[in-house]
Amino acid sequence: MTSLPYPLLRRGKVREMYDLDTHLLMVASDRISAFDYVLPQLIPWKGTVLTQLSSFWFERTRHIVQNHFVAGDPEKILAVRPELSETRAAWEGRGMLVRRASPFPVECVVRGYLSGSAWKEYRQSGTLAGEKLPEGLRESEKLPEPLFSPATKAEEGHDENITFGELRRRLGGKTSDTLREISLALYGFGRDLAAGQGIIVADTKFEFGVGDTGELLLIDEVLTPDSSRFWPAASFEPGRGQESLDKQPVRDYLESLKQAGRWNGRPPVPDLPEDVVDATTDRYRDAYRRITGSELPE
Ligand SMILES: Nc1ncnc2c1ncn2[C@@H]1O[C@H](COP(=O)(O)OP(=O)(O)O)[C@@H](O)[C@H]1O
Ligand SMILES: [Mg+2]
């Protein structure tokens, strides 16, 4: 957790957002969550991987939509906001400078595969975001085409999936259509790039806002392991849950404790042994390497 001497706009499960007036400094910590809980151990490098992956995508998707990204490289951040040099060590690598926007109160989820809450909905009612899907799909199965399935942002607890019709009622038809179209385009771009590296982007979540001159901006984080389900293509097999590209070692460990009757699945979440932490760090670093084709900046 960082506590920098700037007004805190928001402290999320794994990130802090500092209010620098026209800018925000978003700092991704090394905290990790699994089974809905934040774990007691930190995963070294995780925050840096998330921030630098987001930077990578922001810089490469401007042809689809403008975004809030200003800089992720420490020197470039300091060129814009020199006063941040005092606290550099606390945010270097894990901090991103962005333009402040007014966020739309929705999460723009795109799903290419049937997993998580979508699998749950489908199993119960044969639908996804209220729309009928073909019968007989299995867990993790590739959808006939990617689907936009928006969710409301809940202040506490879980986001609630809503239908596209409900989104249109809330934000208006024009805005909703635009968000849907851009979200699908972003997903397609990310999916294709990741596929070339043997990674399946099963689903992902985007957020959008309006900038100070009224322009639509892609905000928050983009195509990171925290906002997406990444699956190794090599082990993909529909009909079951899939291996997570990033946090599988953590899941496996906690699952083994459950099986052995040593954890009941509720807090307090058990400590992670060092080898599990190390293996997870390796996973995150490897994901960065594979997606971007370069080493993490030191
Ligand atoms: N450029 C921006 N301007 C204003 N708010 C932003 C911007 N980018 C992201 N946000 C908001 O910051 C918040 C980050 O919260 P987050 O760390 O994701 O916490 P949580 O775990 O509750 O989702 C989100 O509500 C997001 O909409
Ligand atoms: Mg969030």
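Rounded to a whole number of µm²/s, how large is the Stokes-Einstein D of the chain at 37 °C and 0.692 mPa s, given Rh as the Kirkwood radius over C-alpha pairs?
Using the Kirkwood radius from Cα pairs, D works out to 163 µm²/s.
Accessible area per residue of the chain at 1.4 Å probe, in Å²?
47 Å²
Report the residue, chosen from GLU92, GLU16, GLU160, that carries the largest GNM mean-square fluctuation when the chain is represented by alpha-carbon nodes joined by springs under 10 Å.
Sorting by GNM fluctuation, first place goes to GLU160.
Enumerate the amide H contacts of GLU141 below 5 Å, restricted to partners 5 or more residues apart or on another chain; note that Pro and chain-start residues carry no placed amide H.
The list, which skips near neighbours in sequence, is LEU114, GLY239.
In the Gaussian network model of the chain, springs joining C-alpha atoms below 10 Å, which of ARG99, ARG240, ARG266 carries the largest mean-square fluctuation?
ARG266
Separation of region 171-202 and region 49-81 by C-alpha centroid, Å?
Cα centres, region 171-202 to region 49-81: 18 Å.
As an exercise, take the mean of 1/r over every pair of distinct alpha carbons in region 1-100, invert it, and state the Kirkwood radius in angstroms.
So the Kirkwood estimate lands at 13.9 Å.
Quick one: putting +1 on the C-beta of Lys and Arg, -1 on the C-beta of Asp and Glu, what dipole do you get for region 147-266 around its Cα centre, in Debye to the nearest 20?
For this selection, approximately 440 debye.
Which one, ALA185, LEU50, PRO232, projects farthest toward the positive side of the charge dipole computed for the chain from Cβ point charges (K/R +1, D/E -1)?
The listed residue farthest towards the positive side: ALA185.
Under the classification rounded if a/c is under 1.5, otherwise prolate if a/b is larger than b/c and oblate if not, where does region 228-298 fall, given a ≥ b ≥ c as square roots of the Cα gyration tensor eigenvalues?
Working: a/c = 3.03, a/b = 1.46, b/c = 2.08.
Oblate is the answer for region 228-298, as a/c is 1.5 or above yet b/c matches or exceeds a/b.
Mind checking which lysines have their C-alpha under 19 Å from LYS132, skipping anything on the same chain fewer than 8 residues away?
Cross-link targets: LYS120, LYS142.
Cα to Cα, under 20 Å, and not fewer than 8 places away if on the same chain: which lysines meet these conditions relative to LYS46?
Those lysines meeting the cut-off are LYS13, LYS205, LYS247.
Given a 1.4 Å probe and every protein chain left where it sits, what share in percent of the accessible area of the chain is carbon and sulfur?
Reported share for carbon and sulfur atoms: 48 percent.
Treating the beta-carbon of each Lys and Arg as +1 and of each Asp and Glu as -1, no other charges, what is the dipole magnitude of the chain about its Cα centre, to the nearest 20 debye? Don't jump to the answer; show the numbers that get you there.
Values: 39 positive and 46 negative charges, 111 e Å.
Using Cβ point charges on Lys, Arg, Asp and Glu, the chain gives about 540 debye.
Let me have the relative contact order for region 55-173, percent, based on Cα pairs under 8 Å that are six or more residues apart.
Once divided by the residue count of region 55-173, the mean separation gives 21 percent.
Out of region 176-246, which GluC sites (Glu not before Pro) are coil in DSSP terms and have no more than 13 other C-beta atoms within 10 Å?
For GluC sites (Glu not before Pro) across region 176-246 that sit outside H, G, I, E and B with at most 13 neighbouring Cβ atoms in 10 Å, the list reads GLU215.
Report, largest value first, the span of the C-alpha coordinates of region 104-235 along each principal axis, in whole Å.
Largest to smallest, the principal-axis extents are 46, 34, 28 Å.
Once amide H atoms are placed 1.01 Å from N in the peptide plane, what residues at a sequence separation of 5 or more from ILE162, or on another chain, have their amide H within under 5 Å of its amide H?
Answer set, sorted by chain and number: ALA151, THR152.
The values are calculated or read from the model by the stated rules, or taken from the named source; none is laboratory data. Everything numeric in this text was worked out from a predicted model, so none of it was measured. Please note: Cβ atoms are built from the backbone with ideal geometry, for glycine as well, and neighbour counts cover all protein chains shown. What goes into the accessible areas is simple: the full protein's heavy atoms, side chains included, and nothing from ligands, DNA or RNA. Shrake-Rupley method; radii C 1.70, N 1.55, O 1.52, S 1.80 Å.
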